[in-house]
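One structure is given below, encoded as structure tokens.
Derivation of every value follows stated rules applied to the coordinates shown; laboratory data play no part. Owing to the predicted nature of the structure, the values given are computational and were not obtained by experimental measurement. Here Cβ is always computed from backbone atoms with ideal geometry, including for glycine, and neighbour counts include all displayed protein chains.
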């Protein structure tokens, strides 16, 4: 008849790995589109679509990290490290889409 309390396992490196995985997948998809359709509109449109999806996933990841922080599932340094990784990966996604805006066919 006492309360049973179970501790939550901290997520650790999950948000960091997810952010860098999204960056990697975005880069590979944009690169593949550029190799299949070099200097064509199809590659640019696909890169813009991939970028929109990647930014949406990054936004969802930010919300998830903030929610886990509010629940106490992330420690202070882990939270800051995850936010930094998400910021770096978001900048890399935007930088990866830059050639599709600069080099229009």
Between residue 25 and residue 4, 0.36 nm times their residue separation minus their Cα-Cα distance comes to what? 3.4 nm
State the extension gain, in nm to one decimal, for the chain segment bounded by residue 77 and residue 103, taking 0.36 nm per residue of separation less the distance between their alpha-carbons. 5.4 nm
Degrees, to the nearest 10: 41-71 long Cα axis against longest axis of the chain: 10 degrees
Cα long-axis angle, helix 14-36 against the chain (0 to 90 degrees, to the nearest 10): 10 degrees
Taking a crude spin-label model, label points 7 Å out from Cα along the C-beta direction, the residue 41 to residue 64 distance in nm is 3.6 nm
Label 7 Å along Cα→Cβ of residue 48; segment 82-104 residues with amide nitrogen under 17 Å? 94-104
Test of understanding: ordering 29, 88 by Cβ neighbours within 10 Å, fewest first, what list do you get? 88, 29
Sticking to Cα atoms, compute the Rg of the chain to one decimal and its Dmax as the biggest Cα-Cα distance, whole number, in Å. 18.0, 72
Relative to the longest principal axis of the chain, what angle (0 to 90°, nearest 10) does the C-alpha long axis of helix 76-102 take? 10 degrees
For the chain, what is the mean residue ellipticity at 222 nm derived from helices alone (per DSSP H run of n ≥ 4: -39500 (n - 2.57); sum divided by total residues; nearest 500 deg cm²/dmol)? -27500 deg cm²/dmol
Ordered by fewest other Cβ atoms within 10 Å, a rough proxy for footprinting exposure, 21, 90 read 21, 90
With a 10 Å radius around each residue's Cβ, average the other Cβ atoms per peptide and rank 45-53, 30-38, highest first. 45-53, 30-38
